[in-house]
Amino acid sequence: MRIKEIVSKELEKNQMKQSVFKEEIDELPLGSLVKVKGKSSVYVYLKYREGTNVISKYVGKDGDVLVSKMEMDIRRRKALESKLKELKEEEETMLKMLKV
């Protein structure tokens, strides 16, 4: 098998992984969680940008199941974004290799 064929197949796999990661990222929440201490509890808000505006949405009290799930989802999103960035860098390298 020629090297270009191998690189082409790897590039195809890379692009498929990228599309799967992008779809999963789109399903996960944007932004980050901010904890605000009230008189009796700690309240958690999801903050993210929409254009130039910062949107703040109440999630729940610290320790709630929904808050824990949201924390896990945001961690998952950040991990996927990191992997996606690596895949894009690999894609650039493979495209350069195919041009030579």
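Counting only residues that are out of contact with any strand residue (DSSP E or B) (no Cβ under 9 Å at 6 or more places or on another chain) and assigned to a strand (DSSP E or B), segment 18-50 holds 1 of them.
Filter segment 57-79 down to the residues that are aliphatic (A, V, I, L, M), within 15 Å of LYS47 (Cα to Cα) and assigned to a helix (DSSP H, G or I) and list them by number.
Start the filter on segment 57-79 by keeping residues that are aliphatic (A, V, I, L, M), which leaves 59, 65-67, 70, 72, 74, 79.
Still in the running and within 15 Å of LYS47 (Cα to Cα): 59, 67, 70, 74.
Once the filter is applied, which keeps residues that are aliphatic (A, V, I, L, M), within 15 Å of LYS47 (Cα to Cα) and assigned to a helix (DSSP H, G or I), segment 57-79 yields VAL67, MET70, ILE74.
Summed over segment 4-34, the residues that are without any contact (Cβ under 8 Å) to a residue 40 or more places away in the chain and more than 17 Å from the chain's Cα centre (by Cα) give a count of 6.
Determine which member of the set GLU92, GLU27, GLU71, GLU50 is out of contact with any helix residue (DSSP H, G or I) (no Cβ under 6 Å at 6 or more places or on another chain) and under 30 Å from ILE3 (Cβ atoms). I'd like the intermediate steps shown before the answer.
Working: GLU27 fails: under 30 Å from ILE3 (Cβ atoms); GLU71 fails: under 30 Å from ILE3 (Cβ atoms); GLU50 fails: under 30 Å from ILE3 (Cβ atoms).
Selected residue: GLU92, the only one of GLU92, GLU27, GLU71, GLU50 that is out of contact with any helix residue (DSSP H, G or I) (no Cβ under 6 Å at 6 or more places or on another chain) and under 30 Å from ILE3 (Cβ atoms).
Residues being modelled with pLDDT of 95 or more, in contact with a strand residue (DSSP E or B) (Cβ under 9 Å, 6 or more places away or on another chain) and surrounded by 14 or more Cβ atoms within 10 Å (Cβ to Cβ) are entirely absent from segment 77-87. Taken over segment 89-100, residues that are loosely packed, with under 14 Cβ neighbours inside 10 Å and either within 12 Å of SER32 (Cα to Cα) or within 19 Å of the chain's Cα centre (by Cα) (or both) amount to 1. When VAL54 is tested against (1) outside any helix (DSSP H, G or I); (2) without any contact (Cβ under 8 Å) to a residue 12 or more places away in the chain; (3) in contact with a Gly (Cβ under 6 Å, 6 or more places away or on another chain), just one condition goes unmet, and that condition is (3).
Of the residues making up segment 80-100, those that are assigned to a helix (DSSP H, G or I) and of a type in the set (A, V, I, L, M) are LEU80, LEU84, LEU87, MET94, LEU95, MET97, LEU98.
Within segment 75-82, none of the residues are of a type in the set (Ser, Thr, Tyr) and more than 13 Å from the chain's Cα centre (by Cα).
The values are calculated or read from the model by the stated rules, or taken from the named source; none is laboratory data. Please read all numbers here as calculations on a predicted model, not as lab measurements. Every residue, glycine as well, gets a Cβ built from its backbone with ideal geometry; the counts of neighbours run over all protein chains shown.
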